[in-house]
Amino acid sequence: MCALCGVLGGNDHWTDPVKREGVYVRASDPADRRRERLIRVSEANAMLKLWGLRLDDWQASAYILRNMTGASEVVDSLAALWPAAEKMAGRVIDPLACDIIARRERFNG
């Protein structure tokens, strides 16, 4: 897919709050949604740095995954992040593995 097609695609993701009549939704304000998106990026980076990777927000419409050698890939959503991270790292990444969680806690102290 070209970069333009990726930008023109839908921005909705299951992690994004959806404001509905009569239902309280956290972060229904655009500034709150942006703040929560940056928190999700920060949490993802806490795990990704264990494999030498970094995630950056790209205009609140996609993400850019980078490695330490400068390679990068546009990732449409957090759901697409982990397969892209595995491809870029060249190994299986399971961010929910017990040893990885323990390593993250030690690394982030």
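The values are calculated or read from the model by the stated rules, or taken from the named source; none is laboratory data. None of these values were measured; they are calculated from a predicted model. When we count neighbours, we look across all protein chains shown, and the Cβ atoms used for this are built from the backbone with ideal geometry, even at glycine. Just so you know, the surface numbers come from the protein's heavy atoms only, side chains and all, with ligands and any DNA or RNA stripped out. Shrake-Rupley method; radii C 1.70, N 1.55, O 1.52, S 1.80 Å.
Over the stretch 41-109, average the accessible area per residue using a 1.4 Å probe and give it in Å², no decimals.
Averaged over the residues of the stretch 41-109, the accessible area is 58 Å².
To the nearest 0.05, how large is the calculated FRET efficiency for Glu86 and Glu43 if R₀ is 25 Å and r is the Cβ-Cβ distance?
Plugging the Cβ-Cβ distance into 1/(1 + (r/R0)^6) gives 0.85.
Beta carbons within 10 angstrom, averaged per residue: use that to sort the peptides 75-84, 61-70, highest first.
Descending mean neighbour count gives 75-84, 61-70.
Please report, for the Cα atoms of the stretch 25-109, the Rg to one decimal and the Dmax as a whole number; what are they, in angstrom?
13.4, 40
Under a plain spin-label model, where a point goes 7 Å from the Cα along Cα-to-Cβ, how far apart in nm are Ser72 and Arg35?
2.8
Taking the Cα centre of the stretch 41-109 as origin, work out the dipole magnitude from +1 charges on Lys and Arg Cβ and -1 charges on Asp and Glu Cβ, in debye rounded to 20.
With Lys and Arg at +1 and Asp and Glu at -1, about 280 debye.
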